[in-house]
Every structure is written in C-alpha cells, then in structure tokens.
C-alpha cells in the first residue's frame, strides 16, 4: 500500500503573515466528496464545507468534527450579551499570530478588518507581531490576553483579567475573549499539523505583475 | 462513571451550578454543550474503534501535565489510573521528562525566520518505550510537537505515526484530541482565573474608570 501521507513539493508557499486569502492543502487524504456518508455530511454543519479539503479530512472522525464546529460557531457568532464580532476575530488572529498559524491568521485578520474597518491596526499585528500597538487599549488588552493564554505551561493570570476589566470589559465579554482565544489553540493545531497553506494561483499572477 | 454527567470544563474551572460564571456559560449554551460532546467524542466515544479509551486517557494525562494545570492533571491522571494503572505510571514518568515552555519552533515561511525559536524535540527515552508501547510512545511525541511547537509540524511527523501503526482515521482523531485539550484546558483555566477576580470584574464601583 502507498503511504497515506502527501508532500506538496512544488507548492506556492506564503512568505509571511498576510490578510490576503490563502488556500490550504492536506497531508492526509480527505474523504472524497462523493464518498461522504450521511453522518459525515451532517457533521459538516454547513453543506458548502463538502467542497473544502480541511473539513472533509476532519470528517474521518465525524462526531469530533460536528462538536468542534458547533463549539466554534457559538463562540464566534453568538454575540448576545457579549463582546462584538471584531474583538473575537482579533483574539483569533492574535492567538494564531502567537502560535505561528499563517493560514488561520490570514482568515481571522481579514475577518477582524471586515468587522472593524481597522485594516492598518490589524496589519501591524501581523507585521510587527503580538507586541504591536493595535490602536487602542481595548484591542491591546484583547491581544495581550490572547497571547498570554497561548503559553504552555498555562500562564494567563489575574493581571490579564485586570487589564481587560480596566479596558472596560465586563465578565461576559472577558469570557468571550478567553473562549475565542482558547478555541484558536484548537484550530491552530489542526491547521498546522494536518496540512499547510498555499498562495492561490490568481494571487500569484497578480503579485507577479506587481514585482 | 462520573464523567458521563459532569460538565468537565466546569469541573476543571471549579464552577458550580448557580455561580455567576455558570450563568455566563449558559448564555453560550451551544458552545457549552458541544465542548462537552467533544470531550465525549474524543475521550469516551460509544465506539472507540481502533483507538482504545486507555490510549486516549494516556494522551490526555500527558497533555494535562505539560500544561501544568493541577486540577486537569488529577482529573485525567485519575481516569487513566482507573483504566490502566501501569500505564499511568509510565505516562507520568514520560511527562516529567517532557516539560518545556512554548510556543516555540522554526517557521516554514522565509519572512518569519527571524522569529525562529529553538526548543526541545522530545520523544520517550528508549528504556521507557516498552512500558508505553511503540504506538503510544510515538503518539506522545506527536502530542508534544502539537502542544509546544505546532508551527514545526511537517508531513514527516505524520509518516512517523503511520510507521508506528496509526491509520489516517486515527491520526485525525489523535490530532483532534490533542488540539481539543489545548482548548479545553485554556477555557477552564481562564474561567478559573476570572472566578478568582470575580469581585472586581462584576462590581464596576471597585474599578476606577470602568463604568459602562
């Protein structure tokens, strides 16, 4: 039997962190779209995800995929009584920047920009790193808390909470930041260890003409 | 088994029903429920298939120790000890030799190499492998990679798992297990820290300038 692990020798790899859209290629074979069982399709939650190799790869364990996806969607999109979408995306981007997940950072930095209109602040996080000034104390405190929570052994502490409180966040908002950042410690590890990002062909053509 | 009914994040965070933080968690009911279902799917599935529950607990006990979270070390250590006491001793010894401080690692991306940070590439000592078994020893090395230097993960690491007998399906489950624990332990730890600061966080009068 041939190895189930694929190298992508000729991949167009990103150079660094970016807000531009990236693709992602798996190192293990995803379930073929036509072979997805009813249980696996149900676990995708959103039918369009049957086109995406990442989700079809995770469909090899459908129960885990289903629970992961429903956790993700509630943490990021249920804004009732909590912090806004932009700050959640910022927590995701900061965590990804700290752990080194170029793919996750691209998706969630772009989402933070879309939700806030603050492209330059978000870009500084990507370019300068997690110590960058991202424009105001609320955002700086969200980034600092996300970065602290990424450390292993666990080191997030009362000072991180105090800084979020001083920036005006209430308990429900702080819990949203903690869960958004915590979730990306899950997502980053899957995206980083089961495949890798690639620069899509349409962007390579554009960059070639710019160079 | 107590784990079938208890909410594990509440348990690790020290949150009781009726606590202020329990009510906050209730406002994200789908996340709360599915964090618990993730635990069940990855640690105690109805059909564990070719990945026995003892191996799942072993990985979790190892990961909990690397995170330095005492309540999680006790929780997962006790689960493993009940299921496979000899393995619990071997996993604890492995974890003792595996401590590090992350995240670290080298980047694949040329523009990020100035941020490369070296650190330990851990695997079990040869003398420790028989007690763990080759298959689990390889899984623990992979768990260490994912916990501390996920940005260094490469196809060769998946090939090492395949060589030790891991199928593609089981590699996905193992990856989900370690990655899920990275979330679960941080969510519970964060809630525990917030609970310790609950007075200042819920009482605006005690925090100057934090009116809203």
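The values are calculated or read from the model by the stated rules, or taken from the named source; none is laboratory data. Because the structure is a prediction, the values reported are computed rather than measured. Backbone-built Cβ (ideal geometry, glycine too); neighbour counts: all protein chains shown.
When residues of region A:96-120 are filtered for being more than 14 Å from chain B (Cβ to nearest Cβ) and closer than 25 Å to residue A:72 by Cα, how many remain?
Residues of region A:96-120 more than 14 Å from chain B (Cβ to nearest Cβ): A:107-120.
Add one more test, that the residue is closer than 25 Å to residue A:72 by Cα, and what stays is A:107-119.
Of the residues in that region, 13 qualify.
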Residue list for region B:2-18, restricted to those being at positive phi and at pLDDT below 95: B:18
Residue in region A:122-132 that is touching a residue at least 40 places away in the same chain (Cβ under 8 Å), out of contact with any helix residue (DSSP H, G or I) (no Cβ under 7 Å at 6 or more places or on another chain) and within 8 Å of chain B (Cβ to nearest Cβ) present: no
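Of all residues in region A:56-96, count the ones that are over 18 Å from residue A:179 (Cβ atoms) and surrounded by 21 or more Cβ atoms within 10 Å (Cβ to Cβ). Write out each step before concluding.
Going through region A:56-96, the residues over 18 Å from residue A:179 (Cβ atoms) turn out to be A:56-66.
Still in the list and also surrounded by 21 or more Cβ atoms within 10 Å (Cβ to Cβ): A:56-61, A:64-66.
Matching residues across region A:56-96 total 9.
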Hits in region A:152-162 - residues which are more than 7 Å from chain B (Cβ to nearest Cβ) and either buried (at least 19 other Cβ atoms within 10 Å of the Cβ) or within 12 Å of residue B:189 (Cβ to Cβ) (or both): A:155, A:160
Residue in region A:199-207 that is under 29 Å from residue A:26 (Cα atoms), touching a strand residue (DSSP E or B) at 6+ places or on another chain (Cβ under 8 Å) and assigned by the TED database to the domain that holds residue A:61 present: yes
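Would you point out which residue out of B:99, B:159 is in a helix (DSSP H, G or I) and either without any contact (Cβ under 8 Å) to a residue 40 or more places away in the chain or closer than 27 Å to residue B:40 by Cβ (or both)?
Numbers: B:99 fails: in a helix (DSSP H, G or I).
Testing whether each residue is in a helix (DSSP H, G or I) and either without any contact (Cβ under 8 Å) to a residue 40 or more places away in the chain or closer than 27 Å to residue B:40 by Cβ (or both) leaves just B:159.
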Subset of region A:1-41 (residues that are touching a helix residue (DSSP H, G or I) at 6+ places or on another chain (Cβ under 7 Å), under 22 Å from residue B:168 (Cα atoms) and more than 11 Å from chain B (Cβ to nearest Cβ)): A:24, A:33, A:36, A:39, A:40, A:41
Residue match in region B:138-156 (condition: touching a residue at least 12 places away in the same chain (Cβ under 8 Å), facing another protein chain (nearest Cβ under 7 Å), under 15 Å from the mean Cα position of the chain (by Cα) and in a loop (DSSP other than H, G, I, E, B)): no
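Sort through B:53, B:24 and tell me the only one that's modelled with pLDDT of 95 or more and within 18 Å of residue B:140 (Cα to Cα). Talk me through it step by step, then tell me what you get.
Details: B:24 fails: within 18 Å of residue B:140 (Cα to Cα).
Testing whether each residue is modelled with pLDDT of 95 or more and within 18 Å of residue B:140 (Cα to Cα) leaves just B:53.
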Filter result for residue B:87 (surrounded by 15 or more Cβ atoms within 10 Å (Cβ to Cβ), more than 10 Å from chain A (Cβ to nearest Cβ), without any contact (Cβ under 8 Å) to a residue 60 or more places away in the chain and touching a helix residue (DSSP H, G or I) at 6+ places or on another chain (Cβ under 6 Å)): yes
